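Accompanying notes for the structure given below.
The numbers here are math on the coordinates, done by the rules we state, and not lab data. Computed from a predicted structure; not experimentally measured. Ideal geometry is used to build each Cβ from the backbone, glycine not excepted, and the neighbour counts take in all protein chains shown.
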Amino acid sequence: MDEPIPVTRTVDHGTAKLMPDVDRKRAWLLTVDAAPQSYVDLDEPTHLEFEYARRLGHVLDTVVAPGRPLDVLHLGGGALTLPRYVAATRPGSRQDVVEADLGLLDLVREYLPVPEDAGITLHGADARGWLESAAPASADIVIADVFGGARVPAHLTSTAYARAAARVLR
């Protein structure tokens, strides 16, 4: 029998768990300290389980002509649900994913790898620091999906943070 089994690992910011979905062969729920963070179906990257992800997917679908590649900066990585969605719906997109939890990045790379040709580059760094050092007008979209447990870190909720994000957008 070749059924996936849950994976639990201590990561930089808590305890991460990858739990297989019994109804979808290669789908996983990621939690950190019991807070749901991501859901990803490796065989169907356009399946967005969480409502907020579906809403963001809708924005990504309607912001420009369907299928047009985008330059996307993802602040927060989780299981890379939205980067996988963009890669599937907008081939040729260039995506940078910034995740501060290096242990989480390692876990995702090991158990939920992204195809090499997906146009997704992973960076282990603080989202605010990365944003402030990013080139002006270098992204079509900035998606901020950063959580410390069930909360957005305070340094990602300020007016200065919003200005830094605006500077990076085209």
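Some observations on this one:
- Largest to smallest principal axis extent of the C-alpha atoms in the stretch 42-129, angstrom: 35, 30, 27
- Considering every alpha-carbon pair of the chain, the percent of pairs per 10 Å bin, from zero through the bin containing the longest distance, is 10, 39, 38, 12, 1, 0.
- Value at 222 nm in deg cm²/dmol, rounded to 500, when DSSP H runs of n ≥ 4 in the chain each add -39,500 (n - 2.57): -8000 deg cm²/dmol
- Taking θ as phi - 60° and the Karplus parameters 6.51, -1.76 and 1.60, the scalar couplings of the stretch 76-91 work out to x, x, x, 8, 6, 4, 6, x, 5, 4, 4, 4, 6, 8, 9, x Hz in sequence order, x denoting glycine and proline.
- Gaussian network model of the chain, Cα within-10 Å springs - most flexible of LEU56, LEU42, LEU107: LEU56
- Residues whose placed amide H lies under 5 Å from that of ALA125, excluding near-sequence neighbours: GLU99, ALA100
- Only Lys, Arg (+1) and Asp, Glu (-1) charged, at Cβ; the stretch 14-170 dipole about Cα centre in debye: 440
- Taking θ as phi - 60° and the Karplus parameters 6.51, -1.76 and 1.60, the scalar couplings of the stretch 2-7 work out to 10, 8, x, 10, x, 10 Hz in sequence order, x denoting glycine and proline.
- Whole-angstrom gap from the stretch 89-120 to the stretch 47-79, using each part's C-alpha centre: 14
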